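The values are calculated or read from the model by the stated rules, or taken from the named source; none is laboratory data. Values in this document were obtained by computation on a predicted structure and should not be read as measured data. All Cβ positions, glycine included, derive from the backbone under ideal geometry; neighbour counts span all protein chains shown. Please note that ligands, DNA and RNA were not included when accessible areas were found on the heavy atoms of the full protein model with its side chains. Shrake-Rupley method; radii C 1.70, N 1.55, O 1.52, S 1.80 Å.
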Amino acid sequence: MDKKVVLVLGGLVLGAACALATGRVRAQVPAPSAPPAPRWEQDCEQTHGIDEARAVAKARGENGWELVALDAGVMCFKRLAPAPPKPAEPWPGY
């Protein structure tokens, strides 16, 4: 039993000595939270011909849409989705 007590106390003393020898104690600071990922709206539209595609692209561009894909006359657009509304503060209940 005495050997165990001596070993535990020795470990504590050795640990304290090592901590003092390093000279610094570092606190763990939580990492800053990353901003939320952007949310996107997507929409695709079938077009028939260059003139119609040009008109659709112009109209969508004026409304903030960006063309991301074009395949066989189907034009796909994206834009940033509006931020969701903040929830109202709850009624205090009195």
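Structure values in brief
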{"quantity": "Residue-count net charge about residue 58 - beta-carbon cut-off 12 Å; Lys, Arg +1, Asp, Glu -1", "calculated": "-1"}
{"quantity": "Charge dipole magnitude, Cβ of K and R +1, D and E -1 - region 42-94, Cα centre, debye nearest 20", "calculated": "180 debye"}
{"quantity": "Surface share of carbon and sulfur [accessible, 1.4 angstrom probe, percent] for the chain", "calculated": "63 percent"}
{"quantity": "Label assignment, semi-axes √(5λ) of the Cα gyration tensor in Å derived from the structure, set (1) 30, 14, 10; (2) 28, 11, 9; (3) 66, 23, 13", "calculated": "(3)"}
{"quantity": "Dipole magnitude of the chain about its Cα centre (Cβ charges: Lys, Arg +1; Asp, Glu -1), debye to nearest 20", "calculated": "860 debye"}
{"quantity": "Solvent-accessible area of residue 14 with every protein chain in place, 1.4 Å probe, in Å² to the nearest 10", "calculated": "110 Å²"}
{"quantity": "Within the chain, helix-based [θ] at 222 nm, where runs of 4 or more DSSP H residues each add -39,500 (n - 2.57), nearest 500", "calculated": "-12000 deg cm²/dmol"}
{"quantity": "Per residue solvent-accessible surface (Å²) - the chain, probe of 1.4 Å", "calculated": "92 Å²"}
{"quantity": "Angle between the chain longest axis and helix 50-62 axis [Cα atoms, degrees, rounded to 10]", "calculated": "50 degrees"}
{"quantity": "Where labels lie 7 Å past Cα in the beta-carbon direction, separation of residue 33 and residue 63 in nm", "calculated": "3.3 nm"}
{"quantity": "Solvent-accessible ranking of 58, 86, largest area first, probe 1.4 Å", "calculated": "86, 58"}
{"quantity": "Separation of the residue 2 and residue 41 label points, Cα + 7 Å toward Cβ, nm", "calculated": "8.3 nm"}
{"quantity": "Residue 39 - accessible surface, heavy atoms, 1.4 Å probe, Å² rounded to 10", "calculated": "150 Å²"}
{"quantity": "Vicinal HN-Hα couplings computed from phi for region 75-87 (Karplus, 6.51 cos²θ - 1.76 cosθ + 1.60; Hz; Gly/Pro x)", "calculated": "9, 10, 10, 9, 7, 5, 6, x, 5, x, x, 6, x"}
{"quantity": "Farthest positive-ward along the chain dipole, Cα basis, beta-carbon charges - from 33, 81, 50", "calculated": "33"}
